[in-house]
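Report on the following structure.
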Amino acid sequence: MSYIASEKRYESMKYNRCGKSGVKLPAISLGLWHNFGSVDVFENGRNILCRAFDLGITHFDLANNYGPVAGSAELNFGKVLKSDFASHRDELIISTKAGYGMWPGPYGDFGSKKYLVASLDQSLKRMGVDYVDIFYHHRWDPETPLEETMGALELLYKQGKALYIGVSNYNSEQSKRAISILKEKGVPLLINQPRFSLLDRWVEKDGLLDTAAENGFGVIAFSPLAQGLLTDRYLQGIPQDSRAAKPNSFLRPDSITPELLETLNKLNAIAERRGQSLAQMSIAWLLRDPNVVSVLIGASSVKQLENNIASIDNLSFSILDSTQINALVR
């Protein structure tokens with residue numbers, strides 16, 4: 001069936017201004033890291049994307065190596081863009097990244113100008129678009145001079161292949177260095193995409209949120225549910241069909257200790273008191289900070305997508321909630 005977007009798609013989503021830019025992002029954005037590759041069921045991914053748009057998600061986040069196989073998430077998104085979203089392109093924020101390994105040899109990884117320029121050209125072809133709204137350098141490169149990496153982003157920005165520039169996995173000091181170089185080139189930094197969750201609060205200790213406020217860029221949090229730990233999946237241990245039980249998973253079984261399970265169950269009790277699931281509370285907790293303009297979720301089903309988006313129905317935290325949460329996860 002042909003897709004017809006809901007006329008009510010902007011009625012319930014909350015939109016936040018990204019730093020000092022003119023761009024507003026939905027409080028919930030959809031990432032295509034998993035579940036949208038060539039090994040997945042295409043129609044399921046299409047249904048998730050269309051339902052996300054119907055619920056007000058306008059920002060879809062990709063990277064050159066998302067899949068598996070690498071590149072296939074962009075290819076599949078391009079198919080949906082052509083078949084279902086073609087008339088809505090100007091309503092969408094499409095982002096992609098480069099920085100991790102993508103092709104063999106010395107030119108398909110990290111942060112060289114050679115890699116970044118070639119990668120974005122490939123991404124544009126896979127998705128069938130002339131430009132992306134945001135192009136990120138995906139990770140800090142300790143070997144390539146930052147001037148070269150930022151110079152590549154400047155080139156792509158001034159060519160119009162990326163309307164805005166972002167960085168991902170950059171800490172506070174690295175972000176300041178990037179901003180200093182970009183400012184000299186007349187290129188603003190729109191956004192930083194760090195890993196951030198209740199169980200991984202490094203951005204607070206690092207000062208990245210303060211740096212964002214001081215320098216006028218936004219923060220979008222990825223892995224807000226800590227690879228699924230902040231859901232009801234692991235409250236009783238490790239299910240056999242869970243991510244942690246799979247070989248080569250980012251989530252290692254030995255990291256799920258009795259102490260962690262106790263913490264998760266105590267957090268779940270707070271969430272239940274608030275009338276939320278643990279996942280919903282975890283997403284809402286990130287959005288309490290005004291510098292976090294959006295939280296990047298994944299979804300393997302329409303139901304999971306809908307449940308996570310419902311986080312925005314309760315974004316307020318009482319003093320009791322905040323005190324108890326901070327006591328559990330400092």
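Every number here is computed from the coordinates shown, using simple stated rules; none is lab data. Not measured: the values here are computed from a predicted model. Counting neighbours? That spans all protein chains shown, and the Cβs are built from the backbone with ideal geometry, glycine included.
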By the DSSP-based rule, helices of the chain that are at least 20 Å long along the axis (C-alpha) and have a mean Kyte score of at least -0.5 are 113-127
Here, ILE319 and ASN44, labelled 7 Å along Cα→Cβ, have an inter-label distance in nm of 4.7 nm
Ranked packing of 18-24, 47-53, most packed first, by mean Cβ within 10 Å: 47-53, 18-24
Report Rg/Rh for region 263-330, rounded to two decimals, where Rg is the Cα radius of gyration and Rh the Kirkwood radius. 0.96
Starting from the alpha-carbon convex hull of region 15-328, give the projected area averaged over all orientations, in nm². 15.7 nm²
Obtain the nm distance between the two label points defined at TYR15 and ARG201 by a simple spin-label model: each point lies 7 Å from its Cα along the Cα-to-C-beta direction. 3.2 nm
I need to check one value: relative contact order of the chain, counting alpha carbon pairs closer than 8 Å and at least 6 residues apart, in percent. 17 percent
Quick one: check the C-alpha center-to-center distance for region 100-138 versus region 1-72, whole angstrom. 20 Å
Using the per-residue mean of other Cβ atoms lying within 10 Å as a proxy for protection, in what order, highest first, do the peptides 75-87, 116-128, 190-202, 2-14 fall? 190-202, 116-128, 75-87, 2-14
Using 7 Å Cα-to-Cβ label points, what is the ILE4/LYS114 separation (nm, one decimal)? 5.3 nm
Straight-line reach from LYS185: which aspartates and glutamates have a Cα under 18 Å away, not including same-chain ones fewer than 8 places off? GLU147, GLU148, GLU154
